[in-house]
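Chemist: Please see the structure below; I have some questions.
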Amino acid sequence: MVISLSAKLAMVLSRSAASGLSPLFGIRSDIDAAAQDLDILRAFLRFADSSHGTDTLAAAWIRQVRDAAFELEDVADECCYLSGGSWVNVGAWFALSRRLRKARERLSQLSAAKEQYGIRPADGGPAPPVATTTSQILTDGTHFLNKGEVVGFADYEKQLLEWLAEDVEPQLTLVAVWGMGGVGKTTLVTRVHKEVVATKRFHCAAWVTVSKGFTTDVDDLLRKILQELHHDDAAASGYRSLVAAVRGHLRERKYLVVLDDVWEAHLWDKLRHAFPDDATGSRVVITTRSSDVAMAAAPERTMALQPLPWREAWNLFCNVAFRNLNGRTRTCPSHLEELAADMLRPCCGLPLAIVSVGNLLAHKDRTEFAWRNIRDSLVWDKSCSHLEIGEAASMLNLSIDDLPHHLKRCFLSCSTYPEDFLIKRKILIRMWVAQGFVEERPLGQCTAEDVADDYLDQLVQRSLLQAVVRNEFGRAKSCIIHDLMRELIVHKLLTVLNLWFIDINKLPDSVTNLYNLRYLGIRSSLVQQLPKELGKLQKLQTLDAKSSMVERLPSSTAKLKNLRHLILFTREAADFSVPLPGKAVQLPDGIEKLSSLQTLKYVRADNKMVRSLAELEQMRSL
């Protein structure tokens, strides 16, 4: 972030509009000073990302520094916009100058307070070179283990292999593998899939990942199946035509189709018509987190994956954490056993969490001091309690938080890609360079793209990104981010949630766990009720519920101290095709506590509410 900010500020300085206004408002001197502030801020942010202490005061200081940095970034963006214009907006530049000086004053206050919180700047030098990975990670989907590291799957593999390879049942057979996220469904199916396909037992095979979303496009999934079968029928369009195209290609052939991560039973009901049963011994495999989906699709061939029991979880942990012990048995040294057990328990037997913490510790010194620091930094994040994996989320969070500053920025940016999206290496590298995420190196050593290339290898080595396609040298050409990892990142970083025109009646309570949320929009939606704990969204600045079905706000709304814009209007009917009159929304008591409120639209105005307006000094629009 700091590098990209410095580049933005340098751009402003080079433009005549900014230079011409500097005598009036001191813009140039303020920008110069801000650039220097950012260089200092860089060291403090490094400290924040490398510090895992539980000091509440220090954590509060770090959050405030980040907020100040984001404010400077906003100012830099506006500077770039104004300086590129063909005419001078004096009023805008004057307001921007005040914002810039205020942000610098805030940063100075935080800098002066750093000694009080025990904050020390980290080494501001360039990051050390990142070693290129040489380990061979399985190359499909979420397959994050080497063959020698897989434990606990033997019985599952044997059963699944029998179901797929047996010739006693020539009719089309459906198989469902289900279990909670991170338990290893995709890893298991991929290993068996590879083995079966290698024997050339099937004439053709397809693997399609079904992403979670508000709606699922069945037509798109059918097109993906055709593409996987190398039969992309350009003439096929619409559900019936696509079903006919898939059936036509599979007719009289022995095929294997895997539908990975199916969320809804009705989706399979629509897809099943595309798979003919010509008594050729064909198989369709579904992976899902839902037992209902599994039973609906394959009631006779359902496999439920359970978390690993302690002994197998321990073996998996040791295989990963001590994999660098060349030629030696992968066992945990006795002086680390207690600490290792303390960190393994919260993983709840989930292979994804076990591998994540194992990879983290594989990069640490094998000393009690180093491992105790990691163990003591593990704090159960209650805001993650709504996630399906519960306490294991703490271990995944730990793997993210432990990343060096330069790697963390790159990894977090991957959440901008859709779920299960295949990310190409070259595109990802260029994006990181363009966003200023790559640490500068002395001129002539290597290019920014070379450095970003090393970053990607390191993230793959840590199993945070998973290689899907590799080149002849074993390096990832394309990769994905595990959906649970992506969910954690979004949970941490999501600032805007725009649900305009969405067809749901109630927002899930888990929305209130998005503690960085600044904008919540449900305009023209069917939402009738907001979560009772809405007041937990302490950073929320805008709540736009215009033309929704919400008639009253929860009482906790009065706790939204940073709320700036509250836009409300209730529709009296759910038919959006016809313009109908609506009504104002009932506000809860305590509206006068919303000291930051600037905009208030379409609310019921009784005497009490009108009196409350006198205390809203920031109000600009009613």
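A short reminder: the numbers here are calculations on the coordinates, not readings from a lab. Because the structure is predicted, anything quoted here is derived from the model rather than measured. Cβ coordinates were reconstructed from backbone atoms using ideal geometry, including for glycine residues, and neighbour counts include every protein chain displayed.
Chemist: Taking the Cβ of Leu164 as the centre, find all other residues whose Cβ is under 13 Å away and add up their charges (Lys, Arg: +1; Asp, Glu: -1).
Modeler: Values: positive: Lys158, Arg191, Lys194, Arg201, Lys254, Arg283, Arg301; negative: Glu157, Glu162, Glu166, Asp167, Glu169, Glu195.
Result for the neighbourhood of Leu164: +1.
Chemist: Using the Karplus curve 6.51 cos²θ - 1.76 cosθ + 1.60 with θ = phi - 60°, work out ³J(HN,Hα) for each residue of the stretch 251-267 in order, rounded to whole Hz, and write x for Gly and Pro.
Modeler: Each residue's phi maps through the Karplus curve to give 4, 6, 10, 8, 10, 10, 10, 10, 10, 8, 6, 7, 9, 10, 5, 5, 5 Hz.
Chemist: Shifting gears a bit: Over the stretch 415-503, what is the mean sequence separation of C-alpha contacts under 8 Å (at least six apart), divided by residue count, expressed as relative contact order in percent? Could the numbers behind the result be given before it?
Modeler: Working: 81 pairs, mean separation 28.5, N = 89.
Relative CO of the stretch 415-503 lands at 32 percent.
Chemist: For every other residue with a beta carbon closer than 15 angstrom to the beta carbon of Glu617, add +1 if it is Lys or Arg and -1 if Asp or Glu, then tell me the sum.
Modeler: Details: positive: Lys561, Arg564, Lys593, Arg611, Arg620; negative: Glu592, Glu615.
Charge balance near Glu617 sits at +3.
Chemist: I'd like the FRET efficiency for Ala244 and Asp450, computed as 1/(1 + (r/R0)^6) with the beta carbon distance as r and R0 of 41 Å, rounded to 0.05.
Modeler: The value I calculate is 0.25.
Chemist: Using the beta-carbon distance between Ser108 and Thr367 and R0 = 35 Å, what value does 1/(1 + (r/R0)^6) give for FRET efficiency, to the nearest 0.05?
Modeler: On the way: r = 39 Å, r/R0 = 1.13.
Given R0 = 35 Å and the Cβ-Cβ separation, E is 0.35.
Chemist: Could you work out how far apart the two model spin labels at Gln586 and Asp342 are, taking each label as a point 7 Å from the Cα in the direction of the beta carbon, and quote it in nm?
Modeler: Spacing of the two 7 Å Cα→Cβ label points: 5.2 nm.
Chemist: Quick one: compute the contact order of the stretch 494-613, relative version, from alpha carbon pairs under 8 angstrom and 6+ residues apart, as a percent.
Modeler: Result for the stretch 494-613 is 20 percent.
Chemist: Still on this model: In nm, what is the difference between 0.36 nm times the number of residues separating Asn505 and Asp67 and their Cα-Cα distance?
Modeler: Values: separation 438, 0.36 × 438 = 157.68 nm, distance 3.37 nm.
Extra length from Asn505 to Asp67 when fully extended: 154.3 nm.
Chemist: What percent do you get for the relative contact order of the stretch 153-304 when only Cα pairs under 8 Å and 6+ apart count?
Modeler: Working: 245 pairs, mean separation 59.5, N = 152.
The value is 39 percent.
Chemist: Another question, then. Give me, ordered by chain and number, the residues 5 or more places off Ile286 or on other chains with an amide H under 5 Å from its own placed amide H.
Modeler: HN-HN under 5 Å from Ile286: Val175, Ala176, Val177, Leu259.
Chemist: Modelled label-to-label distance, Gln306 and Arg272, 7 Å Cα→beta-carbon offset: nm?
Modeler: Using points 7 Å along Cα→Cβ, the separation is 2.9 nm.
Chemist: So which of Lys506/Lys608; Lys364/Lys426; Lys408/Lys477; Lys158/Lys270 end up more than 25 Å apart, counting from Cα to Cα?
Modeler: Working: Lys506/Lys608 29 Å; Lys364/Lys426 30 Å; Lys408/Lys477 20 Å; Lys158/Lys270 30 Å.
The answer is Lys506/Lys608; Lys364/Lys426; Lys158/Lys270.
Chemist: Per 5 Å bin from zero, what fraction in whole % of the C-alpha pairs of the stretch 187-316 is there, up to the bin with the longest pair?
Modeler: 2, 10, 19, 21, 20, 14, 7, 3, 2, 1, 0
Chemist: Just check the stretch 494-613 against the gyration tensor rule for me: Cα atoms, a ≥ b ≥ c as the square roots of the eigenvalues, rounded for a/c under 1.5, and otherwise prolate or oblate depending on whether a/b exceeds b/c.
Modeler: oblate
Chemist: Could I ask something else about it? Could you give each residue of the stretch 502-511 its phi-based ³J(HN,Hα) in whole Hz, using Karplus coefficients 6.51, -1.76, 1.60 with θ = phi - 60°, and x for Gly or Pro?
Modeler: Karplus values, whole Hz, x for Gly and Pro: 7, 9, 9, 8, 8, 6, x, 4, 5, 4.
Chemist: Further question: Glu252 to Gln159: extension gain in nm, 0.36 nm per residue of separation minus the Cα-Cα distance?
Modeler: Extending this stretch completely gives an extra 30.8 nm.
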